[in-house]
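Enquirer: A single structure is presented below for examination.
Laboratory data are not the source of any read-out in this text; all were calculated from the coordinates shown. In this text, all values refer to a predicted model and were calculated from it rather than measured experimentally. Positions of Cβ are generated from backbone atoms using ideal geometry, with glycine treated the same way; all protein chains shown enter the neighbour counts.
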Amino acid sequence: MSIIGQSVTRVDAIGKVTGEALYPGDINLPDQAYMKILFAHRPHAIVRSIDTRAAEALPGVIAVFTAKDVPVNEYGLIVSDQPVLCGPGSSKPHTDRVRFIGDQVALVVADSEVIAAQARDLIRVEYEDLPVVTDVLAARQWLDARRGALVEGHGDLRPEHVCLDGEPQVIDCLDFSRALRTQDAVDDLGFLALECTRLGAPSIGEAILNDYRRASGDDAPPAVVRFYQSLRACVRARLAIRHLREPALAQNPLWRERAEAYLGIAQQLVEDGGMP
């Protein structure tokens with residue numbers, strides 16, 4: 001522990017700032033193969049088909065890989081929410097969609113870099129383009145359309161805050177902050193429905209939302225509900241993870257289980273296709 005309080009030079013610092021350190025792309029080995037990636041070059045689309053026959057037939061091509069060739073077609077920093085390759089044939093739902101121009105659709109491995117590039121350009125992909133939001137103002141339009149649904153609500157509406165002894169009563173609202181209580185009614189009720197789902201009663205949550213739709217005349221689009229719910233689920237997961245950082249709670253399995261449950265719900269909301 002003698003280095004505590006001292007300035008220590010990183011062992012790799014000089015090599016990186018002088019350019020002497022080698023990155024994987026700088027390393028060449030005898031008889032190595034070369035790979036090229038076919039990117040989507042589309043911001044939002046469904047990959048309907050990928051024809052790799054011409055690429056595979058090119059002399060010098062070793063292999064061409066698409067989504068159907070990836071056994072576990074998912075990765076991510078915290079939640080595995082991104083496909084390795086986008087396209088049809090994967091066992092993971094909705095990995096046939098590209099969501100930005102840098103999504104990877106196919107890989108070509110060949111004897112030379114030139115051949116790999118030629119083969120990549122021979123791959124034919126059929127896309128079905130999907131709607132794209134191209135600027136910040138357009139992205140706000142759906143929120144602006146919801147402004148009429150903003151109400152002074154509860155702010156933290158969960159099953160434990162609803163008393164059903166006699167006439168239903170909602171208790172323990174965020175009375176310390178009017179701003180936190182003022183939100184889209186669908187956000188407040190969607191959180192209650194989310195908690196019902198987590199506790200094993202999804203039908204009750206759905207009934208609450210349907211009753212709101214009938215009583216208010218607000219159609220509450222499913223994509224909006226799922227957007228709010230996925231955001232709430234991620235926030236609750238983050239709160240649970242923060243509890244795990246406290247020494248007194250780190251060994252309590254409750255918070256790990258709760259974080260995993262919320263992250264699982266958020267991922268399911270996306271995979272169900274309700275998110276844009």
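Enquirer: Any chance you could run the full-extension gain for residue 254 through residue 272? It's 0.36 nm times the residue separation minus the Cα-Cα distance, nm to one decimal.
Expert: Length gained, residue 254 through residue 272: 3.8 nm.
Enquirer: Take segment 183-276, compute every pairwise Cα distance, and split them into 10 Å bins from 0; I just need the percent in each bin.
Expert: 17, 45, 26, 10, 2
Enquirer: Here is a follow-up. Pick out, in residue order, every one of the trypsin sites (Lys or Arg not before Pro) in segment 223-276 that is DSSP loop and has at most 13 other C-beta atoms within 10 Å; say none if there are none.
Expert: Here the sparse-neighbourhood loop sites are 245.
Enquirer: Next question. Once the piece of chain linking residue 126 and residue 109 is laid out straight, how much longer is it, given 0.36 nm per residue of separation minus the C-alpha distance between them?
Expert: Length gained between residue 126 and residue 109: 4.0 nm.
Enquirer: For residue 16, give me every one of the aspartates and glutamates with a C-alpha distance below 17 angstrom, ignoring sequence neighbours fewer than eight places off in its own chain.
Expert: In chain and number order, the partners are 26.
Enquirer: Report, ordered by chain and residue number, the aspartates and glutamates lying within cross-link reach of residue 68, taken as a straight Cα distance under 13 Å and ignoring same-chain residues fewer than 8 apart.
Expert: Answer for residue 68, where 13 Å is the Cα cut-off: 51, 96, listed by chain and number.
Enquirer: Can you work out the PRE-style zone for residue 49? Point 7 Å along Cα to Cβ, and I want the residues of segment 63-95 with backbone N under 16 Å.
Expert: 87-89
Enquirer: Same structure again: With 10 Å bins from zero, work out the P(r) of segment 1-95 over every alpha carbon pair and list the percent per bin.
Expert: Per 10 Å bin, starting at 0, the Cα pair percentages come out as 11, 26, 26, 20, 12, 5, 0.
Enquirer: Sequence-distant or interchain residues sharing an amide H contact under 5 Å with residue 45, placed H: which?
Expert: Excluding prolines and chain starts, which carry no amide H, the hits are 98, 130.
Enquirer: So, with +1 on the Cβ of K and R and -1 on the Cβ of D and E, and no other charges, what is the size of the charge dipole of segment 190-276 about its Cα centre, to the nearest 20 debye?
Expert: The calculated dipole for segment 190-276 is roughly 340 debye.
Enquirer: Put a dot 7 Å past each Cα toward the Cβ at residue 63 and residue 8; how far apart are the dots in nm?
Expert: Going by the 7 Å Cα→Cβ label model, 4.0 nm.
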